[in-house]
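Okay, structure first, notes after.
The values are calculated or read from the model by the stated rules, or taken from the named source; none is laboratory data. The shown structure was predicted, so the numbers you read here are calculated from the model rather than taken from an experiment. We place every Cβ from the backbone using ideal geometry, glycine too, and count neighbours over all the protein chains shown.
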Amino acid sequence: MRRNPQLNKNGELQHLLSIEGLPREVLERVLATADSFIGVTEREVKKVPLLRGKSVFNLFFEPSTRTRTTFEIAAKRLSADVINLNIAASSQSKGESLLDTVANLSAMQADIFVVRHGSSGAPFLIAQHVKPHEHVVNAGDGRHAHPTQGLLDLYTLRHYKKDFTRLTVAIVGDVLHSRVARSLIHGLTTLGTPEVRVIGPQTLIPTGVEALGVHVYRNMREGLKGCDAVVMLRLQNERMRGALLPSAQEFFKHYGLTADKLALAAPDAIVMHPGPMNRGVEIDSSVADGPHSVILPQVTFGIAVRMAVMSMVAGASA
Ligand code: CP
C-alpha cells in the first residue's frame, strides 16, 4: 500500500498537508498533544523549549488574520525563531518562482514552512522539494484544504461536545469554495461522527459531495433540526466566477443564521465560524455574539492546536 506522503516510515506526521487520508490515531494524537499545550497557554510564562533553535518561516501568499498570527504565537510559545516573509515586498513580485523562493529560504536554515497559497496543491509541491529535515504545514491552499483549521474545529467540538460518535454537525453556506468545510468533513468522518450535514443553495454545494459521507440539505430549517453544532461558512466571493447568488440579502434570508433558525437545533447547540465573519450575510450579530457562539474560543484553541502540529512535525524523524 502507498504511504501517505505526510507520514514518515514510522507513521509520524512529517508534514501536515491535508486531513484527508490521515489515520484516526494521528488526529487523536494531535488533539491530545494540543490538550497538553492548553496548560502552557494559561501559564504566566507561556513558553516551552520544544522548538528552541528551530526556524519557522511563515509564507502567506493570501491575506490572513487568525491563521498567520496564531501560527506566529504558537511558534514563539514553542521558543522557535519566527520569520514572517512579507510576500508583497519579496522577490516573488520580480518573478521568482515559488520553489526558488523556498530553496533560498531553505538555504537560510529553515526548519518549518507554514504556507498559505491561493493555488490548491502549492504546499504539496513545496513538500515534494524540501530537504528531509524540513517540514511543511499547510495554512490553507485554494479551495482544497485548511488542515489546522479543521483540527482546531475538531478540538472545539471535542471540548464542548466530548464524543464525536454521538454528534450531528451542520456545515452551512458556501461549501463549494470552502477548504475549511472539506477539512472538517474529512476529520469528522474519520473520527466517527455519524451525521454530518451540509446546507446551502445548489450553486454552492459541490457536485457529488455525498461521496464524502455527508447529507445535503437545501432547506436550512430542515437541515438544522436537532444539530449539536452549526458551523457557518463565509461566502468566498474572491473564489466565485460569475454570479452564483442573487444577492447577499437573499442569501441571508435563506441561509443566514438567525436566532429563530438556531432555535431548531439542539437546545445546547454550539455555533462555530472559522472567520473572517460577515455579519448580516451568513450570520446575525445576535447569534455571533450570543450564548451559543464559541467563535472566539475557536481562535484561542487554534494556538494550542498549531503548537501541537509544529511540535509533532519537528519531532518526526526523516
Ligand atoms: N480561519 C482563517 O483561516 O482565518 P484567516 O483567513 O484570518 O487566517
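Summary table
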item	result
Every pair of residues 6+ apart whose Cβ atoms lie under 6 Å, when the first sits in segment 6-25 and is within 21 Å of TYR155 (Cα to Cα) while the second is modelled with pLDDT under 95	GLU12/ALA316; LEU13/ALA316; GLN14/ASN8; GLN14/ALA316; HIS15/GLN6; LEU17/GLN6; GLY21/ASN4
Filtered residues of segment 8-36 (kept if touching a Phe, Trp or Tyr at 6+ places or on another chain (Cβ under 9 Å) and either part of a loop (DSSP other than H, G, I, E, B) or assigned by TED's automatic domain parsing to the domain that holds LEU152 (or both))	HIS15, LEU17, SER18
Condition check for VAL180: among the hydrophobic types (A, V, I, L, M, F, W, C), surrounded by fewer than 24 Cβ atoms within 10 Å (Cβ to Cβ) and touching a residue at least 24 places away in the same chain (Cβ under 8 Å)	no
Qualifying residues in segment 74-91 (those that are aliphatic (A, V, I, L, M) and closer than 16 Å to THR41 by Cβ) - the one nearest to the ligand (Cβ to nearest atom)	ALA74
Residue among ASP228, ASP174 that is closer than 23 Å to GLY140 by Cα and either modelled with pLDDT under 95 or in contact with a Leu (Cβ under 6 Å, 6 or more places away or on another chain) (or both)	ASP174
Condition check for THR258: farther than 26 Å from THR65 by Cα and either modelled with pLDDT of 95 or more or not acidic (Asp, Glu) (or both)	no
Selection within segment 95-124 - among the aliphatic types (A, V, I, L, M) and in contact with a helix residue (DSSP H, G or I) (Cβ under 7 Å, 6 or more places away or on another chain)	LEU98, LEU99, VAL102, ILE112, VAL114, VAL115, ALA122
Lone qualifier among SER97, SER55 - being within 20 Å of ALA304 (Cα to Cα) and hydroxyl-bearing (Ser, Thr, Tyr)	SER55
Residue match in segment 96-106 (condition: within 16 Å of the ligand (Cβ to nearest atom) and either assigned by TED's automatic domain parsing to the domain that holds SER55 or modelled with pLDDT of 95 or more (or both))	no
Residue list for segment 185-236, filter: buried (at least 18 other Cβ atoms within 10 Å of the Cβ) and of a type in the set (Asp, Glu)	ASP228
Members of segment 44-73 found to be part of a strand (DSSP E or B) and more than 12 Å from the ligand (Cβ to nearest atom), listed by number	SER55, VAL56, PHE57, LEU59
Residue that is aliphatic (A, V, I, L, M), in contact (Cβ under 8 Å) with a residue 60 or more places away in the chain and over 18 Å from PRO63 (Cβ atoms), where the choices are ALA107, ALA139, ALA122, ALA75	ALA75
Wholly enclosed strands (runs of 3 or more DSSP E) of segment 113-218 bearing at least 1 residues within 16 Å of the ligand (Cβ to nearest atom) and small (Gly, Ala, Ser)	135-141
Those residues of segment 152-168 which are farther than 15 Å from GLY275 by Cα and within 16 Å of the chain's Cα centre (by Cα), in sequence order	LEU154, TYR155, LEU157, ARG158
Failed item, numbered, when MET310 is tested on (1) over 22 Å from PRO63 (Cα atoms); (2) more than 15 Å from the ligand (Cβ to nearest atom)	(1)
Inter-residue pairs, beta-carbon under 9 Å, first assigned by TED's automatic domain parsing to the domain that holds VAL130 and over 18 Å from SER119 (Cβ atoms) and in segment 57-69, second near the ligand (Cβ under 6 Å from one of its atoms) and not in a loop (DSSP other than H, G, I, E, B), 6+ apart	ARG66/GLN149
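Here's the yes/no breakdown for (1) of a type in the set (D, E, K, R); (2) within 25 Å of THR193 (Cα to Cα); (3) more than 17 Å from the chain's Cα centre (by Cα):
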{"position": "ASN4", "(1), (2), (3)": "no, yes, yes"}
{"position": "LEU17", "(1), (2), (3)": "no, yes, no"}
{"position": "GLU25", "(1), (2), (3)": "yes, yes, yes"}
{"position": "LEU31", "(1), (2), (3)": "no, yes, no"}
{"position": "ARG43", "(1), (2), (3)": "yes, no, yes"}
{"position": "PRO49", "(1), (2), (3)": "no, no, yes"}
{"position": "SER55", "(1), (2), (3)": "no, no, yes"}
{"position": "THR67", "(1), (2), (3)": "no, no, no"}
